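A short worksheet on the structure shown next.
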Amino acid sequence: MALVFLPALARMAVTGGTHGNEMSGVYVVQEMERQRKEKGEGAWPIPVTTVLSNPRAVKECRRYVETDMNRCFNTDTLSSPITDSSPYEVRRAQELNKLMGPKGSKDAIDLICDLHNTTSNMGLTLIHYTSSDWVTLHICKYLQTKITKVPVRVLVLDIPISDAYSLESVSKHGFSIEVGPQPQGVVRADIYMIMKEAVDLTIDWIHKFNSGTVRPKQMWLKCVLFLNMLFSGTVFEGGDVEAFEFIKSVDYPRDPETRTLTAAIHPQLQDRDFCLLKQGDPLFLSFSGETVKYKEKEPLHPFFINEAAYYEKGIAFHLGKKMMLTVPKVQVQKD
Amino acid sequence: MSSRIGISCLQEAKRVAIFGGTHGNEMSGITLVNMWTQNSAEIERNGLVVKPFISNPRAVEKCTRYIDTDLNRAFTPENLSTPEVEGLPYEVQRAKEINRMFGPKGSSNAYDVIFDLHNTTSNMGSTLILESSTDLFNLQMVHYIKKAMAPHTCSVLLNEHPQLKYSTTRSVAKHPIGLEVGPQPQGVLRSNVFESMRTILKHALDFLELFNSGVEFPPCTVDVFRVQERMDYPRDTNGNITAMVHPHLQDCDWEPLNRGDPMFLTFDGRTILYEGANTVYPTFINEAAYYEKQQAFMTTCREILAANAIRKAFK
């Protein structure tokens, strides 16, 4: 595939506390703000904005105060008129859209890295709402080669940008960094360090990618860099990126009248996110001892298995299909 | 209560309750109690009346630990005797109601046994929590349960510390027992944790049935972990935590912690070591609900408690 030139990423944001009880992101943002106070703007090689997305939910250590903010960034909600009865999170979403967007415009920030935790055993999962953003996929590929402590997987949702409802869709190339398993309200050192490393490597990639567009004032330096650009400049090799595409969700077995659960995730499925689920494999173990099995013919991959926040959404786990996405060789577009 | 040489004769344990949802987001107990309220066959035993009960229904409905204040700290003498006025926190009202239904605490009319079902985000496995080192009945019950659960480990935590013990929901009964199973995130139901708790209760009820039928339980010893100290996170002047439980300590509940062992890791990567003089056995390591109670973990020391033989007193 031919080399593709893409514009530099001038501005990046790291957002934590979009769900107020997902603690790693809250503390990563806090630590980055402390580093900025200590080292000034030189703390990172590129300009990084840090945002605590849902401060009220963070203060109360709850997922949300009135409504799930990470479902409020679709175009309809972002453009809905604010009234006295508008939920807090809708107002805040519109505020964040003003700060880092507007979504879909040329003024939107280049990249939002939105930080999340899950109670599911998903290691490090990078979530994006489309499968055709080469910048994001290259970052994912870079993280996959650099991070070896945990599995690094890519999850794509494939929805049109106007329907994309999560915070990172405000930026041109946003993605979520989801790390688990971690209980709500808890910060685990191992999970925090994985998330911090993923953020640092993302900044590192952008810096490397952008590094061909430095425009110094000194003429002699301009000449050196011009020659440098002609003969090198950071080229990121293309290749295949394995990804999982969301297909559908499966709910828990429930009592038809009361809607209370009648089974739990089967011990043989619990913690086995991204395994291959085949027909006849156990899904749930009912409280009366029966095993509910996977009945479909098509083998699929479960993920978000037993996520605490999804009980109220009627989701026991999602199912996805494995696919290969091809990214071209890329280099920054020179001005 | 009378005693012949070596055997303590105790009153039979007829009135038993199983409390779930003392904390509304600890799902094993809530699920078990709801299940047994619908169909109590599994918890029926000869010579006993067993009542499953949701202690904090409003918190359960919202899947939150508590509404106004922690119910499991609310059973203080002050709260239980305070007049019934408007504006009392929900859990204080509820504590008074529970004291009326299952107590009064300290009286001869109180329920004989209450099992209070809890989950923790800490890697504590199956844990039984005692509030007294001299309650022979509880010691014998715990010994029976541990033996029946083997080779699955059941740890026993004893909280008799004058400053650190607290007024639990179950303390209205003559013989309170806490069941704590983890690790499980709040709001999540894990099948293995659920089944462990179910099995502990099965053995506990078996013990009660045997005791009430006149079986004599010989003298025994119980290995316990006695609560020593509460260790908080390092914090800044605003009260925010500045470090996390160290990866070497995380998930190591009940394992020895020695002087010089890593204890906390700051957000910028510095290790803080445990500096206590003696070896301790930490527990409740990184429990979600304890950040606001200024507790990263509790230290305990190992002790062996002895219990006389017991049997039911003849009428």
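The values are calculated or read from the model by the stated rules, or taken from the named source; none is laboratory data. Just so we're clear, the structure is a prediction, and the values are computed from it rather than from any experiment. Virtual Cβ from ideal backbone geometry, glycine too; neighbours counted across all protein chains shown. Surface areas here come from the heavy atoms of the whole protein model, side chains and all, with no ligands, DNA or RNA. Shrake-Rupley method; radii C 1.70, N 1.55, O 1.52, S 1.80 Å.
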Legend entry - Equivalent ellipsoid, chain A (semi-axes from 5 times Cα gyration tensor eigenvalues, Å): 37, 24, 18
Inset, instruction - Taking chain A as the reference, fit the longest principal axis to its C-alpha atoms, fit the long axis of helix A:189-210 to the helix C-alpha atoms, and give the angle between the two in degrees, 0 to 90, nearest 10. - result: 40
Legend entry - Highest to lowest packing among A:3-9, A:328-334, A:181-187, scored as the average C-beta count within 10 Å: A:181-187, A:328-334, A:3-9
Legend entry - Under Karplus coefficients 6.51, -1.76 and 1.60, residue-wise ³J(HN,Hα) of region A:95-101 in Hz, glycine/proline x: 5, 5, 5, 5, 5, 10, x
Legend entry - Stokes-Einstein translational diffusion, the protein assembly as shown - Kirkwood Rh over all Cα pairs, 1.002 mPa s, 20 °C, in µm²/s: 79
Legend entry - Too-long pairs where the Cα-Cα distance tops 27 Å, listed order kept, from A:Lys37/A:Lys329; A:Lys39/A:Lys329; B:Lys105/B:Lys312: A:Lys37/A:Lys329; A:Lys39/A:Lys329
Inset, instruction - Calculate how steeply helix A:134-146 sits against the longest principal axis of the alpha-carbon atoms of chain A, using the helix alpha-carbon long axis, and give the answer as 0 to 90 degrees to the nearest 10. - result: 80
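Let me check against my output: what whole-number percent is the relative contact order of chain A, with C-alpha pairs under 8 Å and at least 6 apart?
Details: 712 pairs, mean separation 69.2, N = 335.
Value for chain A: 21 percent.
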Legend entry - Peptide ranges A:69-80, B:278-289, A:32-43, A:275-286 listed from the most packed, as the mean C-beta count within 10 angstrom indicates: B:278-289, A:69-80, A:275-286, A:32-43
Legend entry - Nearest-ten-degree value, helix A:219-231 long axis tilted from longest Cα axis of chain A: 50
Legend entry - Overall form of region B:24-110 per C-alpha gyration tensor (a/c, 1.5; a/b vs b/c): oblate
Legend entry - Cα→Cβ-extended label distance, 7 Å offset, between A:Thr145 and B:Asn258, nm: 4.4
Legend entry - Test item: B:188-199 mean partner chain Cβ contacts at 10 Å: 5
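Give me a single rounded figure for A:175-188: the average over its residues of other chain Cβ atoms within 10 Å of their Cβ.
Partner-chain Cβ atoms within 10 Å, mean over residues of A:175-188: 5.
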Legend entry - For chain B, share of DSSP beta bridges that run antiparallel, in % to the nearest 5: 50
Inset, instruction - Sort region B:83-157 into rounded, prolate or oblate with this rule: let a ≥ b ≥ c be the square roots of the eigenvalues of the Cα gyration tensor; rounded if a/c is under 1.5, and if a/c is not under 1.5, prolate when a/b is larger than b/c, oblate otherwise. - result: oblate
Inset, instruction - Can you work out the PRE-style zone for A:Val292? Point 7 Å along Cα to Cβ, and I want the residues of region A:234-258 with backbone N under 12 Å. - result: A:250-256
Legend entry - Violating pairs (Cα-Cα greater than 31 angstrom) within the set A:Lys103/A:Lys321; A:Lys146/A:Lys321; A:Lys172/A:Lys297; A:Lys149/B:Lys293: A:Lys172/A:Lys297; A:Lys149/B:Lys293
Legend entry - Integer Hz, Karplus 6.51/-1.76/1.60 couplings in order for region A:112-122, x for Gly and Pro: 10, 9, 9, 9, 9, 10, 9, 7, 7, 7, 9
Inset, instruction - Assign one of three labels to region B:92-134, namely rounded, prolate or oblate, based on the Cα gyration tensor with a ≥ b ≥ c the square roots of its eigenvalues; rounded applies when a/c is under 1.5, prolate when it is not and a/b is larger than b/c, and oblate otherwise. - result: oblate
Inset, instruction - Take every Cα pair under 8 Å in region A:1-155 that's 6+ residues apart, average their separations, divide by the length, and report that relative contact order as a whole percent. - result: 27
Inset, instruction - Output the residues of region A:285-316 meeting this criterion: accessible area (heavy atoms, 1.4 Å probe) in the chain alone minus accessible area with all protein chains in place is 10 Å² or greater. - result: A:Leu285, A:Phe287, A:Asn306, A:Ala308, A:Tyr311
Inset, instruction - Give me the percent of DSSP beta bridges within chain A that run antiparallel, rounded to the nearest 5. - result: 55
Legend entry - Spacing of the two label points (7 Å from each Cα toward its C-beta) at A:Asp240 and A:Asp76, in nm: 3.9
Inset, instruction - For region B:56-152, report the accessible area per residue in Å² (1.4 Å probe, heavy atoms, rounded to an integer). - result: 42
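Peptide B:27-33: average number of partner chain Cβ atoms within 10 Å per residue? Intermediate values should be presented prior to the final figure.
Working: counts 4, 1, 0, 1, 5, 1, 0.
Per-residue shielding by partner chains comes out at 2.
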Inset, instruction - List the relative contact order of chain B as a percent without decimals, with contacts defined as Cα pairs under 8 Å and 6+ residues apart. - result: 21
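Could you sort B:196-208, A:113-125 so that the peptide with the highest average Cβ count within 10 Å comes first and the rest follow in order?
Most protected by this proxy first, the peptides run A:113-125, B:196-208.
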Legend entry - Flagged links, alpha-carbon separation over 32 Å, of B:Lys146/B:Lys174; A:Lys313/B:Lys147; A:Lys196/A:Lys295; A:Lys313/B:Lys96; A:Lys248/A:Lys334; A:Lys293/B:Lys51: A:Lys313/B:Lys147; A:Lys196/A:Lys295; A:Lys313/B:Lys96; A:Lys248/A:Lys334; A:Lys293/B:Lys51
Inset, instruction - With a 1.4 Å probe and every protein chain left in place, tell me how much accessible area A:Asp204 has, in Å² to the nearest 10. - result: 50
Legend entry - Percent of beta bridges antiparallel (DSSP, the protein assembly as shown, rounded to nearest 5): 55
